[in-house]
Structure formats: structure tokens, C-alpha cells
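Q: First the structure, then my questions, so here it is.
The values are calculated or read from the model by the stated rules, or taken from the named source; none is laboratory data. Treat the numbers as computed from the prediction; the structure is a model and nothing was measured. Cβ placement follows ideal geometry from the backbone for every residue including glycine, while neighbour counts extend to all protein chains displayed.
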Amino acid sequence: MSVNSLTKITNVEFGKMINAAAAVLAANADKINKLNVFPVPDGDTGTNMSLSMASGAQYERDSLETEIGALAKATSKGLLMGARGNSGVILSQIFRGFSNSMAGKETLSARDLADALMSGAQVAYKSVMKPTEGTILTVIREAAAKANKVAEQTDDIVELMAAVQEAAQVALDSTPELLPVLKEVGVVDSGGQGLVFVLQAFYQVISGDFNEEDIKAPDNAELDQMVKELHAGAQASSSLDPADIKYGYCTEIMVQIGKGTTYDHDFDYQKFYDYLAELGDSLLVINDDEIVKVHVHTENPGKVISWGTHFGSLVKVKVDNMRDQQQTVIDAQRAEEARVEKIAAMQVPVSDTAVIAIAAGDGIAELFKSLGVHTVISGGQTMNPSTADIVKVIEDSGAKRAIILPNNSNIFMAAEQAVTLAEIPVEVVKTRTIQQGLTAMMGYNPDADLEQNAAEMSEMVADVKSAQVTQAVRETKFNGHEIHHGDWMGIIDGDIEVVAHNVESAAQEAIQKMIDDDSEIVTIIFGEGTKAKVAQKLKAFVEELDDGLEVEVHDGGQPLYPFFISVE
């Protein structure tokens, strides 16, 4: 039931607001991901914001405090530790501003809430070295400005939040006019969209329009599972022998009741259910006047399907062999255990300085280890590690100081947050690509001091050109290119410079654009699913262009990107 007015937010409403925001972000993560400017297969703004907010909500729920100021502080801490990607870090800074403003408050008035939004905007802007309009920053600034204005006219929090979420939506809609790249691609800012969802959730809770049954942010176990699924897909237990599965076929059907040529039984729920119950377990039967849906684990999927046809027309049939699925899981987990053992055997003894790199792909991890990197955090293009992930690796290193190679600009802010939380001196060498990270290691000297190493490694980065080859996941126009779903793109130093119909052409064109008279070394790192002979063919192409170039080929194993290419 909607609330007409509200003049005070208590700890109860505050907790619902935070958890509703987490739930809404989780539900809309994929929608936000698809707003990524580049049509690459690893757009992850929605995922990063969802996981960051879920961490904040978990800290809020775990707090035993009843004072809103203390709950806001817990939320802020959770967001900071769980922050992933630049969008997640900025969201954490908005809530840091909230927390600063709410300190010591038992409840919140409309004025208090407006002040908190203003503080959130101010802290968020200060957290970014070069604030850019047309982003999440614009949305929080406009929302806060509206809150401040409305709070001067009313003490009704429902009225205030209605105006805030409307202003946020208007600001979001304006982002393409403020940021040309958004207008060119035809999308609004993804981080701004995430914040609009947060503010809309706040309003729905305050106004009483949010279904309380839906206010459920992921708990610790669910959060861990989300991260596992993002890294490697959901995994079943390897302790279960496929032969021990009693009913091996997960069978689902949907029947349009009373329709079709096979219909010869009037639907009776108990009769329908009882027959299926004898065929297996995990039975679920849901129906209305028109449709009945069935889920059952059975040894006789044919009997389930045949039974359904007596009551109407089949509109959906799905049968999965759970024994085969379980064996696949076991094989994958055994391969993962072997991979972990292999990388652990390569563990570089820590000196006084630990170099920590973020990367995806076993081969790339081995390359970094061979160059002196102490720990490789799995992630990067396909999954940004959280601030807490990075801090833990620093703490576990046992080193006196550390250097972080993010190898992705979307990890810069989380890495910088980790610097402020670490108990030892840490420097971030702002490598934007895997290739830059590998090149930076050429300037690393384990006997040099932290500042000298960071300076030398940063200088090395300036000498390398980087290209990534991947496939477009949607239609768009960008940088003068008309890009279709399935096209192959060559992204050179952050810009889409090549669009081709096949991966080989995209890689070849990218190399041609990168090499010049000063080029000496070309490094080709081929990814997961790419055959070595394709990489060798690309090597031969480079040698034909200029037989004076030194060409190296490595199996990186990185997902989604068939080729990483560097020219030095």
C-alpha cells in the first residue's frame, strides 16, 4: 500500500532501502551491462554495481546497530570492500558521502536525506581525478540538487524522493548530449542507469510501493556463488558420482490445457500430479486455467511427455541428462585443481616487494610469473576483482611493499582504494592492457625501491602499442564504423580501429595499423579456443610484412579475446 507522506526514516526503512537497491541492481545487472559503449562481450558495469551494492547490503544486515548513522557507516564499509570496477568504486564513494552526512543520526528527516545526497555527490566528484559529465556523476549531482531544493519547501520525504528519482531519470536521459560517445552509440550512461535504479528503489520503499517479498539482497553464500559463476560458471559438487544419481533426466514440460489433437483427459490436478509422482522426484506442478508447468527428475522422460499430451498441447519440452552434466562438472573441477597446482608450483618467492597483476588465462598467468610477478589475481577483462580481493592478496604476500598492475582501466579505482587500505606501502602502475603489464615488468628491479620501480615500469608502458581482437555482441555505430553483431573488431589502445568479417582479417589489419619504421618486436598472445596454427599463420603474415621484426607467439588462454597483440 502506498504511503501518502513520511517525515522520518528510521533504521527499519533505511535497511529496506539498502536491500531493495541491492535487489533491484541484481535483477537489472544484465540490462545495465548491455549499455556498455563498446559492443564487446564483457561489458560488466551492471555486474560490478550489483556485486558492490550486495556487499554493502550484507554489511548493513550484519550490523547490530539501530542508529542510522552506524548502519550507513556499515553500508559504506561493505560497498568499499566489495567495490568492483570504476562504477562500483564511485557508487561506494557516493555512499561514503551518505555515511559522512548521516554520522550520529538516529533517524533521517527530508533535510537530512537531502544533505546526505549532496554529500554523496561531493565525495563522488572528489574521488575522480578528472570528473566527466554525462556519467553517474552527473546523475548524482542533479539528483542531489533537486533534493536540496525540495527540502527547502517540504518535510515530506515521499515527495522529496519522488522528485529525486525523477530528476535522476532526466539527468540520465541527458547523458548522451553531454558525452558524445554515448550519443554516437545511442545509449545512456551505464553507471548512471545503475544509480537511477538505486534511487528508484529508495523511492519505492519510502512510498510503500516496493513489494517487501522482493527486498532480498544476496547473503554471503549467495554472493560467493555469484562470484564463482562469473568466474567459471555454476559448478555442482564433485563428490557426487554420476552413477549414484537415481533419476537421471531433468524433465520439464509445459502443456496448454484442453488444446490440440492429443487431448483426451480433462485436467484434474491431483490425478495429474499423482501419476508423475510415481515417475521420479523433485516434482513441481504449477497450473492456472490455461497452462500447466511440470518439473521432475525421472528415468522415463518419455512417459512424462506422453502423460502431458493427454491433457492438452505441448508448448515446451526440455530434457537434460544430469549424469552427463555431473561428469562434465567433475572433469572441469579436476582440470581446475590441476591448473591451481600448476600455478602454485610456479609461485615466485616474495622479495621485499610483491608485484601483483590482474589477468585472466593460465598462459598469461605463467607469463607474468616468469617475469617476476608474485601473485596473479584471476580477473580483468571478464571479471573485475573487488577492493577486498586486492587487499587480501597484498596482506597475504608477506612483503614489505607491493606494486599493482591492474592491466585494465576499469580496475584503476579499486586498486587505488586498496592502496589506502593496505598496511604496507603500495604503488599502482596504471597498465591498461595485459600487453602493457607484461612490458612494464621489463622495467622491474627486485632490488630497487618502490618509487623507483613504479617510475621505471610506468616509463616502459609508454613504449608499447596494444591491440585486442574480439567479436561484437550487438549492432552499433562507433568511431565512424558501422558494427554488426558478430563482426570482429580490432581495438587499438582503447579505440575500435578495425572492423572485419573474420578474426584473421581483424588481427592482420590491427597489426598493419600498429607497426611503423620504429617497430622492433611483435608479440601475439592467442586465447581460449584459438588454435596454435592460426596464431602461427598470423606470425607468418607479420614476417612477410617486415622480415626484420622479431615475432613472439604465446598461448595465453584468455577468454573472449582470440588475440592480444603488442608492438614495441
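Q: Among the candidates G548, G529, which residue alone is within 28 Å of the chain's Cα centre (by Cα) and not assigned by TED's automatic domain parsing to the domain that holds G437?
A: G529
Q: Could you please find all residues in segment 353-407 being of a type outside the set (A, V, I, L, M), closer than 17 Å to M442 by Cα and more than 20 Å from the chain's Cα centre (by Cα)?
A: Listed by number, the residues that qualify are T353, E366, F368, K369, S370, G372, H374, T375.
Q: Are any of the residues in segment 488-503 among the small types (G, A, S), out of contact with any helix residue (DSSP H, G or I) (no Cβ under 9 Å at 6 or more places or on another chain), at pLDDT below 90 and in a loop (DSSP other than H, G, I, E, B)?
A: No - not one qualifying residue is present in segment 488-503.
Q: Please find, among V205, V196, the residue that is under 23 Å from S119 (Cα atoms), modelled with pLDDT under 95, touching a helix residue (DSSP H, G or I) at 6+ places or on another chain (Cβ under 9 Å) and in a helix (DSSP H, G or I).
A: V205
Q: Being surrounded by fewer than 19 Cβ atoms within 10 Å (Cβ to Cβ) and aliphatic (A, V, I, L, M): is that true of I521 here?
A: Taking the combined requirement at face value, the residue satisfies it.
Q: Take the conditions within 23 Å of D324 (Cβ to Cβ), in contact (Cβ under 8 Å) with a residue 24 or more places away in the chain and surrounded by 10 or more Cβ atoms within 10 Å (Cβ to Cβ) and apply them to I291. Does it pass?
A: Spelling it out, it is not the case that I291 is within 23 Å of D324 (Cβ to Cβ), in contact (Cβ under 8 Å) with a residue 24 or more places away in the chain and surrounded by 10 or more Cβ atoms within 10 Å (Cβ to Cβ).
Q: Kindly indicate which of D487, D516, D493 is on the phi < 0 side of the Ramachandran plot and surrounded by fewer than 17 Cβ atoms within 10 Å (Cβ to Cβ).
A: Every option except D516 fails the conditions.
Q: Could you check, for segment 59-78, whether at least one of its residues is polar (S, T, N, Q), more than 17 Å from F202 (Cβ to Cβ), in contact with a helix residue (DSSP H, G or I) (Cβ under 7 Å, 6 or more places away or on another chain) and touching a residue at least 60 places away in the same chain (Cβ under 8 Å)?
A: Looking through segment 59-78, none of the residues is polar (S, T, N, Q), more than 17 Å from F202 (Cβ to Cβ), in contact with a helix residue (DSSP H, G or I) (Cβ under 7 Å, 6 or more places away or on another chain) and touching a residue at least 60 places away in the same chain (Cβ under 8 Å).
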